[in-house]
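The values are calculated or read from the model by the stated rules, or taken from the named source; none is laboratory data. Keep in mind that what you see is a predicted model, and the values were worked out from it rather than measured. Cβ: placed from backbone, ideal geometry, glycine included. Neighbour counts: every protein chain shown. Only protein heavy atoms, including side chains, enter the accessible area calculation; ligands, DNA and RNA are left aside. Shrake-Rupley method; radii C 1.70, N 1.55, O 1.52, S 1.80 Å.
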Amino acid sequence: MTDLDRLLDFAARSWLPEGGFGYLGADGRVLPDRGQETWIVARMTHVFGLAQLTGRSGWNELVRRGVEALAAGPLHDGARGGWYASTADDTKAAYVHAFVVLAGATAAAAGAPGGRELLDEALDVWQTRFWDDAEGLAVEEWDAGWAALSDYRGANANMHGVEASLAAADALGDGDPRAARLRAQALRTVERVVHGWARERDWRLPEHFTAEWQPLPDHNRDEPAHPFRPYGVTVGHQFEWARLALHARAVTPDPPAWLLEDATGLFTAAASRGWAADGHAGFPYTLDWDDRPVVGQRMHWVLCEAVAAGRALATVTGDAAYRSLADHWWAHGEARFADPATGSWHHELTPEGAVATDTWVGQPDAYHLAQVLLLSGRPVRGSVAAALR
């Protein structure tokens, strides 16, 4: 059975002597040729912050090191502001910055030295460089000097922007006027993406858009297994948006009825269209616009998000059918994905259950698995950090 403490011990192997955290291979060793990647450093800082919030001892040092790496390490642009995507890529992406906000929020909630300062800086960059108030959405990617903005727009970065905004609001507390603004912005994004594009397309959510927010349904058709921008319908994101709609509902005074309705609609569509869509147990990574599998590989994070959404819906609605589904999927994950050698899960499998590396090499990410372990049985709130308080 997957154990949070063993998972955390595995994740701690990502520690780098020079500061920050690296990308873990399947053997639990950092892959040195990848350099440092901001999303990895931020996610690991968040996970270790969650460990500290649970009352587990011994994690404060890793949280501190993560905060220091993000605040003053090579990924941070001290002169122009913001964070590079990696030590090999100087673009400044919304996806990356959303995770820096999340790391800052969790570190601040845990009382880590420099955590609140990191959160304040990350929020300032998010609000001034990425948040487009006219659209109620975040733009995608700038060059290193903030001079050129990409024409591409994406739902993935906005999804994690919602997660980070809700977590930041919880960390700031209701006495800070930014908290209400962040929650309102998160709700606007959920309304635009879920209540708009997803509902209009019978819960087949487009992921890619032009600068004017016109959907690009054929984007990356020639690179369908892209790790962050795959072609077609991304099943795991349907589940993730469903969960985030419930989180927004939990922190919105007099929440609109559509938040629960849409969360249910997204979840039901992903579950019914995704599970065993190719005749094999599990969820394919992506489907086309007629619900046919495109990338049949099974990703660990997709299953984690399915379980988390199912358990959240069970808590909110009281309907045991959601928990039954989530428990069935979790048992599948324990049987197929769990790696007894590391305590983590394999990140990618073939439809038949063999370990694969077409999209993901190694086991770099404890974020999805740690969160689903912590969310189980917890109240639905705006962030995992809030649920642990």
Compare the Cα positions of V190, Y231, N220 along the charge dipole of region 188-254 (+1 at Cβ of Lys, Arg; -1 at Cβ of Asp, Glu; about the Cα centre) and return the one farthest towards the positive end. V190
Is the C-alpha gyration tensor of region 1-112 telling us rounded, prolate or oblate? Criteria: a/c under 1.5 is rounded; beyond that, a/b larger than b/c is prolate, otherwise oblate. oblate
Pairs of Cα atoms farther than 12 Å apart, region 137-182, %: 65 percent
Dipole magnitude of region 1-60 about its Cα centre (Cβ charges: Lys, Arg +1; Asp, Glu -1), debye to nearest 20: 80 debye
Counting only protein heavy atoms with a 1.4 Å probe and every protein chain in place, the carbon and sulfur fraction of the accessible surface of the chain in whole percent equals 50 percent
How would region 187-323 be classified by its alpha-carbon gyration tensor: rounded, prolate or oblate, with rounded meaning a/c under 1.5 and the a/b versus b/c comparison settling the rest? oblate
Give a residue-ordered list of calculated ³J(HN,Hα) values for region 201-212 (Karplus: 6.51 cos²θ - 1.76 cosθ + 1.60, θ = phi - 60°; whole Hz; x for Gly, Pro). 10, 6, 6, 10, 7, x, 9, 10, 9, 7, 5, 9
Computed from the mean reciprocal separation of all distinct C-alpha pairs, what Kirkwood hydrodynamic radius does region 127-230 have, in Å? 14.7 Å
With n ≥ 4 as the cut-off for DSSP H runs, can you work out [θ] at 222 nm for the chain, using -39500 (n - 2.57) per run divided by the number of residues, rounded to the nearest 500? -15000 deg cm²/dmol
Want the number for A148 to A338: 0.36 nm per residue separation, take away the alpha-carbon distance, what's left? 64.1 nm
With +1 assigned to the C-beta of every Lys and Arg and -1 to the C-beta of every Asp and Glu, and no other charges, what is the dipole magnitude of the chain about the Cα centre in debye, to the nearest 20? 980 debye
Charges at C-beta only: +1 for Lys and Arg, -1 for Asp and Glu. How large is the resulting dipole of region 164-213 about its Cα centre, in Debye rounded to 20? 60 debye
With the 1.4 Å probe rolled over protein heavy atoms, region 45-150 has an accessible area per residue in Å² of 35 Å²
Starting from the residue with the highest accessible area, list T106, T87 in decreasing order, probe 1.4 Å. T87, T106
If you take the alpha carbon radius of gyration of region 280-347 and divide it by 2.2 N^0.38 Å, what ratio comes out, to two decimals? 1.21
In whole Hz, with x marking every Gly and Pro, tabulate ³J(HN,Hα) for region 44-57 from phi via Karplus 6.51 cos²θ - 1.76 cosθ + 1.60, θ = phi - 60°. 5, 4, 4, 5, 5, x, 4, 4, 5, 5, 6, x, 5, 8
Can you give the translational diffusion coefficient of region 54-162 in µm²/s, computed by Stokes-Einstein from the Kirkwood radius over Cα pairs at 25 °C and 0.890 mPa s? 172 µm²/s
Share of Cα-Cα pairs in region 60-113 beyond 12 Å, in percent? 64 percent
